[in-house]
């Protein structure tokens, strides 16, 4: 299971990376915005995308739209981990095809629950 | 900014009085059929308007200059000068906040990452020793094995002692690393004060500019797109929302997000 973590703040990437490691996901890569992430994703090999929303260059929502528009990536599970907390935004992310939405600040338990839920749904 | 008598939306009282009296004069002259005098009055009116306009533009320029100058905070003592020499403007200060929080977070995570494997190793060794010890209690252990166990127990005690000391050290360093909150808080407060001041100055400038608009009879047409900001969620994020509890359009936590998503069929 290879996971790409996209966030413009390296501390947040590191926190998520550590939490994922505790959950048993040790194979992770990092990107600091959508522009960097997209070519990595298109390069293939990723099974899961964890992305922030508010980033310079390409935002998380724009990245999500790109992913859903790409034939090879459109089924990639995407979890949004973000400080964006407006109802409109959550609805927009859901409409764009996000698989899970976690608002910052979050706990390890919440991240675990959302990730497990996403995989449950995929497996079923 | 020295314009206390200059209320919002009001013209200069002197200018207003002149405008009124000369307009009346003009009307009387026109009524009386004295057109030469009327033309002179119109000229006078123009002069009054021009002079007031120059005065307002002058005031506006002066205020703008003052506002720009006030954007710099003068250091009050040596300590502040020291601090300010490193960060001469607000954006530098905010970058400093980002740096401070970044280094504190990384320092903390370094220490946590160091400590975690240590506690794990201790836990594993303790578990192993416990099962060996239980074997010994059940008399399932040979004398040789017991000698090996006692050596291992002694080694474990020693490592518990040193490792606890290291972990305790890490914990107190983590505690210390939280000092960024105090430091960055102070910087942010300063920047907030500065922003408030600048906002006030800008408001004054807007009021002054409106006087100039009144004199010149300018009426600004705003595009509809400018008046109504795009309400749909745009691709660009907005960052953390403040006072989320008091706002209808913002969720107040993960539970709200989950409710909203499940209402959408998630």
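Read the figures in this text as sums done on the coordinates, not as results from a lab. The shown structure was predicted, so the numbers you read here are calculated from the model rather than taken from an experiment. Cβ atoms come from the backbone with ideal geometry, glycine included; neighbour counts cover every protein chain shown.
Data table
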| read-out | value |
| --- | --- |
| Label-point separation in nm, residue B:244 to residue B:51, each point 7 Å along Cα→Cβ | 6.1 |
| log10 of Debye I(q)/I(0), alpha-carbon scatterers only, for the stretch B:80-178 at 0.24 Å⁻¹ | -1.14 |
| For the protein assembly as shown, projected area of the alpha-carbon convex hull averaged over all directions, nm² | 33.6 |
| Label zone at residue B:152 (point 7 Å along Cα-to-Cβ), backbone N below 11 Å, the stretch B:126-144 | B:126-136 |
| Centre separation in Å (Cα based) which lies between the stretch B:107-159 and the stretch A:40-85 | 45 |
| Where Rh is the Kirkwood radius over Cα pairs, Rg/Rh for the stretch A:3-123 | 0.91 |
| Choice from A:114, A:42, A:86 with maximal GNM fluctuation in chain A (Cα, 10 Å cutoff) | A:86 |
| Structure-based [θ]222 nm, chain A - -39500 (n - 2.57) summed over DSSP H runs of at least 4, per residue, nearest 500 | -14500 deg cm²/dmol |
| Ranking of B:151, B:135 by count of other Cβ atoms within 10 Å, fewest first | B:151, B:135 |
| Candidates A:75, A:26, A:11: whichever shows maximal mean-square fluctuation once chain A is modelled as a Gaussian network with Cα springs under 10 Å | A:11 |
